[in-house]
Structure formats: structure tokens, C-alpha cells
1. Pick from Ala225, Ala200, Ala281: which residue has the top mean-square fluctuation in a GNM of the chain where Cα pairs under 10 Å get a spring?
2. Students often check this: by mean Cβ neighbours within 10 Å, which of 8-19, 56-67, 290-301 ranks highest, and how do the rest follow?
3. Tally Lys and Arg at +1 and Asp and Glu at -1 over the other residues with C-beta under 12 Å from the C-beta of Arg54: what net charge comes out?
4. Quick one: grab the alpha carbon gyration tensor of region 217-302, order the square roots of its eigenvalues as a ≥ b ≥ c, and give me rounded if a/c is under 1.5, else prolate or oblate depending on whether a/b is larger than b/c.
5. Helix 266-275 against the longest principal axis of the chain: what's the angle in degrees, Cα atoms only, rounded to the nearest 10?
6. May I ask you to order 257-267, 228-238 by the average number of other C-beta atoms within 10 Å around their residues, highest value first?
7. Only bridges whose two residues both fall in the chain count here: according to DSSP, what percent of them are antiparallel, nearest 5?
8. State the label only: which of [x] 26.0, 86; [y] 24.1, 85; [z] 23.5, 90 corresponds to Rg and Dmax of the Cα atoms in Å computed from the shown model?
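Quick note: the coordinates plus some simple rules give every number you see, no bench work behind them. Keep in mind the model is a prediction, meaning the values are calculated, not measured. Every residue, glycine as well, gets a Cβ built from its backbone with ideal geometry; the counts of neighbours run over all protein chains shown.
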Amino acid sequence: MKWFINKENKVPLYLQLKDLVKYHISTGAIAYKQQLPSVHGLAKELGVNFDTVRKAYKELEGEGLISTERGLGTFANGTAASRALPSSSSGSNLAVADAVRRNVSELLQSGRTADDIRRIVDDILQEAVPSPENKLVLFAECNSLQARQISETLEEYLQLKVKPVLLKDLKEEVDEVVASGMKLQAVITTGFHINEVRSAVSDPSVQTDFVIANMSPETRRKLDAYVKNSRFGFVCRDLESKYYKDILQTELDIRSEVPCCTFKDKSRLATLLKSVDVLLATPSIFENLKKMAPKKLRVFNVQDRVDPLSLKMLKDRMAHADERHAM
């Protein structure tokens, strides 16, 4: 794990560190339940005051992305960012089994047959648990490319209907689904937007969760084929995203300076398109950038896949949420 901050950057150091941790969590570089460096250890490694690290950790913990266990350390806590029903214990399972047993016994004593009881239970379950056709998952993102592509991936993997929606339209979409009587199974996003999604979904029974979008091995192999002093450029949606240029430069071991600009800065963008050999782009502007780039210029989406382990963990969490809801 490479830890670094740019002390010459005008962005406060604790915000740089906070964004770096969020980036590593969102790309899977920091795995679920992986231990983070201690406050004092990371402060020493970065050459900053320990209060800088402590403040970054405190805000990340407030957002549910990490958790501190007394005497053990600080850990990435991906599932804390998801909201589902409380977990059940083995004791509560036994209590439910005893209650069902008593009710079945009473029905048998009243003259009901075993087949009658099975039909009654089947009817109740059919009403309580919607069929897959009546379940809907929303996937929310800030850009249409990821919203569309990741929704298709989720639909195939989860075998559920998944509808893409832009973050700005999420609250209105949730209200429409609820009004239609359809079962909103979950609202999913990528790691950076989990707090926005949680704010838009007011119903605590609706699971809010995330998947990890990162660079595919195929894209990484293509980028590694370029010599490290090639002229790389980076284009992103907003000023905040420009910070990840430093992360990409470190991870890809690019040894030349990487000029960057936002997609809205047309003057600098025009200069960049003429002066680089390889262009790295965030998903939100990738499609538009590729259309306007010269044909010989290679443009790469730096987050072009959903991490397979992230998909598996999401499916497991949704299965557990279904089991708890059925009880």
C-alpha cells in the first residue's frame, strides 16, 4: 500500500488523506476488514502531525467507511456503509422456531391437516416475499456510462431487475417506485457516493449498498505496455477528482509529469489533446472525451469494471438481508 500526500497542494492535508483512503477503499486496494495503519504510524510515514491523520480517520469513521476497535486498531468497514435490517442471532432463530412449532401444534389440534397448514404457509410466504419479477434494484451514479454499464453487470450477476438512475434523480425515482407498489430491493452505488444515496433513501428497510469500480486487468496491461516516460495526460469531471492524478501516477509508476485538467476547461483540454500520447479519463467524461480526441490518441477509462470480489460480497449481503426480512 502506497501512502502519500502532496504538501504543496492547496487542499488541506487531512482532506487529501481522507480522499486517499476513500479511493483505496473504493478500488478494493483496501479490502473489507483490512487493518489501516495506526494514527501515529501513518503520521510518521507521511511526515505530518498526528492530528492530521486523526481528523481524517474521525471523518471517515463518521461516514461509516472505517471503524476503530479499542485495543485492536482501525479497519475498513464496507458493510457499515450499507443499511439493512438488524442481524439475527442463533438465539432469536430458536425463538422463532419455538413460536412456529406452537402455532402448528395448535392448528393440528384444531383439526387442520398437515397439507392444509402447508398451503396456508405457502400462501403467506407468497404474499410476504415478492417474486423476482416484482423486485427492483436501483443503481445510482453521477454519470450515465457507469450507471448503464454497472446496472447491466448487476442485473446479470444478481438475476434481478436493475434500473440505472442518475444521482440527481434518485430521490424522485425512489418515490415513484414506492408509489407503484413494487418492492424496492436495494439501492446500490459505487463507494464514493454511498453517503449521497443514504441521504436520498429515507426508508430504513431498503438496503443501501455499494460495489467497487476499478481498473480492469486488460486496461492495466495495455497501460503497462507504454514506456514509463511516455506523455500521459489525465482528464476528469471536477477539480476534486484532479487529486487522483497523483494516485494514478504512483500506481502506474509513470515517471514523467502528468498534466491534467477538467473536461469543462476547454482551453487547457485542447492543449492537452495535442500534447500527450496517452489520455487517462474518469468514467463520467470518458465517452465524450473519446469522441473529441484525435483518432491516434489512446483514451483509457481508469475505472472500467466492477471488482468480482465486490460483486460476490454484495450478493452475499443481499441474500442475508432477504433471510432476515423473511423472518
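1. Looking only at Ala225, Ala200, Ala281, the largest GNM fluctuation is found for Ala225.
2. Numbers: 8-19: 16.0, 56-67: 18.4, 290-301: 13.7.
For the peptides 8-19, 56-67, 290-301, the packing ranking is 56-67, 8-19, 290-301.
3. Computed value for this residue: 0.
4. The shape class here is rounded.
5. 70 degrees
6. Numbers: 257-267: 15.2, 228-238: 18.6.
My ranking of the peptides, most packed first, is 228-238, 257-267.
7. Bridges in the chain that DSSP calls antiparallel: roughly 25 percent.
8. [y]
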